[in-house]
1. Tell me, which residue of segment 10-29 that is over 16 Å from residue 227 (Cβ atoms) and not aliphatic (A, V, I, L, M) is surrounded by the most Cβ atoms within 10 Å (Cβ to Cβ)?
2. Is it true that residue 31 is away from ligand 1 (no atom under 16 Å from the Cβ) and farther than 21 Å from residue 199 by Cβ?
3. Looking only at residues in segment 212-246 that are in contact (Cβ under 8 Å) with a residue 12 or more places away in the chain and part of a loop (DSSP other than H, G, I, E, B), which one is farthest from residue 33 (Cα to Cα)?
4. Please go through segment 90-129 and give me each residue that is assigned to a helix (DSSP H, G or I), under 22 Å from residue 160 (Cβ atoms), of a type outside the set (Ser, Thr, Tyr) and within 16 Å of ligand 1 (Cβ to nearest atom), ordered by number.
5. Please list, ordered by first then second residue, the pairs with beta carbon atoms under 8 Å, 6 or more apart or interchain, first in segment 24-36 and part of a helix (DSSP H, G or I), second hydroxyl-bearing (Ser, Thr, Tyr) and buried (at least 17 other Cβ atoms within 10 Å of the Cβ).
6. Need pairs with beta-carbon distance below 8 Å; first residue in contact (Cβ under 8 Å) with a residue 40 or more places away in the chain and within segment 247-268, second surrounded by fewer than 16 Cβ atoms within 10 Å (Cβ to Cβ) and not acidic (Asp, Glu); sequence gap 6+ or separate chains.
7. What pairs can you find where one residue is in segment 76-90 and without any contact (Cβ under 8 Å) to a residue 40 or more places away in the chain and away from ligand 2 (no atom under 14 Å from the Cβ), the other is part of a helix (DSSP H, G or I) and of a type outside the set (D, E, K, R), and their Cβ atoms are less than 6 Å apart, with a gap of 6+ or different chains?
8. Within segment 130-172, work out how many residues are free of Cβ contacts under 8 Å to residues at least 24 places away in the same chain and in a loop (DSSP other than H, G, I, E, B).
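Values quoted throughout were computed directly from the atomic coordinates according to the rules given, and no laboratory measurement underlies them. In this text, all values refer to a predicted model and were calculated from it rather than measured experimentally. Neighbour counts are summed over all protein chains in view; Cβ atoms, including those assigned to glycine, are modelled from backbone coordinates with ideal geometry.
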Amino acid sequence: MSTLAERAEQELNAILAQYAAGEAEVVRAFFARPRSRDELADMVRRQMGREVFCVGWLERAVRQGRELERTVDRHAFVELLEQIADELRHYALLADLVEWLLGRQLTAEEAREYEVYAVYDPDVPLERQYNPRLPEANAMIDLLRELRARYPTAFTDAVMRLTEGGGGGAFQEASGLAGDEFRERFARAMGRIVEDEIEHGPLRVRGFVQQWIRDEADLALAKELLRTFMAQHLRVRNEIYGSPLSAERLAAIDRGEITPWALPTPPSEVPA
Ligand SMILES: [Fe+2]
Ligand SMILES: [Fe+2]
């Protein structure tokens, strides 16, 4: 008989695995046909936009730094600084790749053209979080705002964190690309990003369950929120890649018509 915690971890991971497979399919569909240099550059620049927005968190880091050991926990503070560094490193890797592809430097405007908040930030004015070029990314911000107002905010935010990187499927799929020099360089960059994103997303499930799942009602709400967020995250991924999947195919993935992704297992789960 499995405990509530074990079942919760399994059921939440199953939702991540369904949608991570969907995100991998977006990447495969994009690379299924030849792409122009501009299409490739735009795709990478849209991914850059979801990494570089974290530079805005530096303002939070400064505020929290002043409060360190008073209202701010030292470990939570280190985690914030590490995540800012991780995301900016992802941004820099991808920006260097686009410059290689174009054979010239990006202007500041081009580098940040698709900047958009990947996580709703209640401390930042909404107009700074949206990007008019990215309707699905904006819809994600609206969805999170709406759900964290309707349900317990900290719980909703904790579920949202599990969706980071969309289960890692897109990054993992991209890290296996080969066939030409762009694909190989993109694969190397995505291979370096994927490890961070898996830590930022799927590997947080166990800790989430321990902290937040007390009973069946908690689990039911977590599953409903996770499904809703992941469904929108898949649309965001599709938008980054120039929408290679149709609305019909996205709906089929929502219904589970897809082979689930093999999620990485946390170290303690590896059988002896
Ligand atoms: Fe990232
Ligand atoms: Fe991340």
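1. Step by step, filter segment 10-29, then rank; the result is 25.
2. yes
3. That would be 215.
4. Answer for segment 90-129, where residues must be assigned to a helix (DSSP H, G or I), under 22 Å from residue 160 (Cβ atoms), of a type outside the set (Ser, Thr, Tyr) and within 16 Å of ligand 1 (Cβ to nearest atom): just 90.
5. Short answer, once both residue conditions are applied: 26/241; 27/241; 29/241; 30/241.
6. 258/252; 260/14
7. Correct list of pairs: 77/64.
8. 4
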